[in-house]
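To start, the structure under review is shown below, and the notes come after it.
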Amino acid sequence: MHNKKIIEILNDGRIHLSCELFPPKQGSELQNSLEIVNRIAAVKPSYMSVTYGAGGSTVGYSAALAKEVQDNGLPALAHLTCVKADEVKITEVLQQLQGHGVNNILALRGDIPADMQGDHQGSFAHASDLMRFVKEQGDFCVGGAAYPEGHPESGSLEQDIENTKYKVEAGVDFLVTQMFFDNTILYNYMFRLLRAGINVPVVPGIMPVTNAKQIIRICQLSGTKLPPQFRAMVEKFADKPEALKQAGIAYATGQIIDLISNGFDNVHIYTMNKPEIFKGIMDNLSEIVD
């Protein structure tokens, strides 16, 4: 099971929920992160993705977390980013991941760290360049990012769709979307993708809100729009963390049920490393998810 390619999971006709982890910034917290892997794995996501810090700063911890995911019998989807990366470094990381049995990669451009000026490109200017390189290095299943509201730097939705076409031409197997809080945005986006001839599987990314300040900051960075009913919920419970968590899990559950009802069998959850959030959603969907 743990050596399964994500594309096989996405195409098997069953309903799957997956989730994302990020590694600690400091090595002292690695044990805590490994424990989080075990707690989430116990709730049985179909796979877990493992991010790494801006500029690849936590790549060693990411590999350790990916190994822990695989050791729990689940496929790990390891993130790789272009920023500061050269072909030698990426080859080393891919060999390390292969050594852990990881054969699923999410290839991203990555955020440019605030303290980094000038030439950040390394060997890869775009995610599509990295995807092509990873595909050449071995039998990897490669995913990419999709932006239902357009990437903040792409200038227009049309340009963003063009950039997504480059990813498909580079051999991307599937796409995972940036978070969104209004499913209509995703449905409109899917129409645009199909019209552009893009038909690789698209996995919607859902983030259950648990922290009012955090959600406002993330939306400012990503350009994600907040629908009125979501905004009202965040404002109502902003100073009641446990109530907001419960409301956020309920809102995300509603989004997921609507997505599944409209033919999206695979949903990726941005859990912000909180096992109880993934468990809350899985409990709500216990009769819906296989």
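Some values worked out for this structure:
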{"read-out": "Inter-label distance, nm, simple model (7 Å from Cα along the C-beta direction), ALA196/LYS279", "value": "4.0 nm"}
{"read-out": "The stretch 215-290, relative contact order [Cα under 8 Å, separation at least 6], %", "value": "21 percent"}
{"read-out": "Spin-label pair SER261/THR184, simplified geometry with 7 Å Cα→Cβ offset, distance in nm", "value": "1.5 nm"}
{"read-out": "Per residue, the convex hull volume that the Cα atoms of the stretch 129-271 enclose (Å³)", "value": "116 Å³"}
{"read-out": "Rel. contact order, % - alpha carbon contacts under 8 angstrom, at least six apart, the chain", "value": "20 percent"}
{"read-out": "Around PRO75: net Lys/Arg minus Asp/Glu count, Cβ-Cβ under 15 Å", "value": "-2"}
{"read-out": "Pairwise FRET efficiency - ALA42 versus THR91, Cβ, R0 = 45 Å, nearest 0.05", "value": "0.85"}
{"read-out": "Computed [θ] at 222 nm, deg cm²/dmol, the chain (DSSP H ≥ 4; -39,500 (n - 2.57); rounded to nearest 500)", "value": "-14000 deg cm²/dmol"}
{"read-out": "Per-q log10 I(q)/I(0), the stretch 203-260, q = 0.15, 0.23, 0.24, 0.29 Å⁻¹ (Debye; single scatterer per alpha-carbon; no solvent)", "value": "-0.41, -0.96, -1.03, -1.33"}
{"read-out": "Per-selection Rg to Rh, the chain - Cα, Kirkwood hydrodynamic radius", "value": "0.93"}
{"read-out": "Residue exposure sequence - ASP129, ASP111 - by fewest surrounding Cβ within 10 Å", "value": "ASP111, ASP129"}
{"read-out": "Point-to-point label distance, LYS165-ASN11, nm (Cα→Cβ direction, 7 Å offset)", "value": "2.4 nm"}
{"read-out": "Where N is the number of residues in the stretch 238-290, Cα Rg divided by 2.2 N^0.38 Å", "value": "1.16"}
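Each value in this text was obtained by applying a stated rule to the coordinates, not by laboratory testing. Note that the structure is a prediction, hence the values are computed from the model and not measured. Glycine gets a Cβ as well: all are built from the backbone with ideal geometry, and neighbour counts include every protein chain shown.
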